[in-house]
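Before anything else, here's the structure in question.
The values are calculated or read from the model by the stated rules, or taken from the named source; none is laboratory data. Remember, predicted model here, so these are calculated numbers, not experimental data. Every residue, glycine among them, receives a Cβ derived from its backbone with ideal geometry; neighbour counts consider all protein chains shown.
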Amino acid sequence: MEDIKMDNNKFYIGEDSENPIAEITFIPLGEDKIIVNHTYVSPKLRGLGIGERLVEKAAEYAREGNKKIVPTCSFAKKLMTENEKYKDLIAD
């Protein structure tokens with residue numbers, strides 16, 4: 001399984017952050033929130049749980065920084081609202 005790396009406001013899979021084969025991006029919102037605004041997984045990796053792993057990585061990042069998440073990305077929003085383990089992270 002590919003390693004998830006971090007770059008400026010994103011977690012990604014691939015050789016470099018400019019051309020990732022999968023990524024989740026976020027925008028800091030003040031000191032205590034991040035907006036998760038985009039998730040992408042290349043067609044060849046879809047169906048392997050990569051998107052879920054990226055959301056989990058963003059959730060870990062938020063928890064470690066005591067931040068809440070505003071999920072504007074439809075994939076992240078659906079996954080987070082339907083999964084009990086993320087309920088505490090969703091910003092009001």
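Are any residues in region 35-92 among the hydrophobic types (A, V, I, L, M, F, W, C), closer than 21 Å to residue 17 by Cβ and in a strand (DSSP E or B), and if so, which ones?
Matches in region 35-92: 35, 36, 41, 69.
List every residue pair whose Cβ atoms lie under 7 Å apart, where the two residues are 6 or more positions apart in sequence or sit on different chains, the first residue falls within region 29-52 and is closer than 12 Å to residue 2 by Cβ and among the β-branched types (Val, Ile, Thr), and the second residue, located anywhere, is in a strand (DSSP E or B) and at pLDDT 95 or above.
Hits for this filter: 41/22; 50/13; 50/22; 50/41.
Go through region 1-12 and give me each residue that's hydrophobic (A, V, I, L, M, F, W, C) and closer than 19 Å to residue 62 by Cβ.
Narrowing region 1-12 to residues hydrophobic (A, V, I, L, M, F, W, C): 1, 4, 6, 11.
Matches in region 1-12: 4, 6, 11.
Moving on to the next point. Is there a residue in region 16-27 that is outside any loop (DSSP other than H, G, I, E, B) and over 12 Å from the mean Cα position of the chain (by Cα)? Don't jump to the end; show me each part of the working.
So in region 16-27, the residues outside any loop (DSSP other than H, G, I, E, B) come out as 22-27.
Filter again for over 12 Å from the mean Cα position of the chain (by Cα), leaving none.
No - not one qualifying residue is present in region 16-27.
State whether one or more residues within region 24-42 are exposed (fewer than 15 other Cβ atoms within 10 Å of the Cβ), in contact with a Phe, Trp or Tyr (Cβ under 8 Å, 6 or more places away or on another chain) and at pLDDT 95 or above. Even if it seems obvious, please write down each step before you answer.
Step one: of region 24-42, the residues exposed (fewer than 15 other Cβ atoms within 10 Å of the Cβ) are 27-32, 42.
With the extra rule that they be in contact with a Phe, Trp or Tyr (Cβ under 8 Å, 6 or more places away or on another chain), the set shrinks to none.
So far as region 24-42 goes, no, none of its residues is exposed (fewer than 15 other Cβ atoms within 10 Å of the Cβ), in contact with a Phe, Trp or Tyr (Cβ under 8 Å, 6 or more places away or on another chain) and at pLDDT 95 or above.
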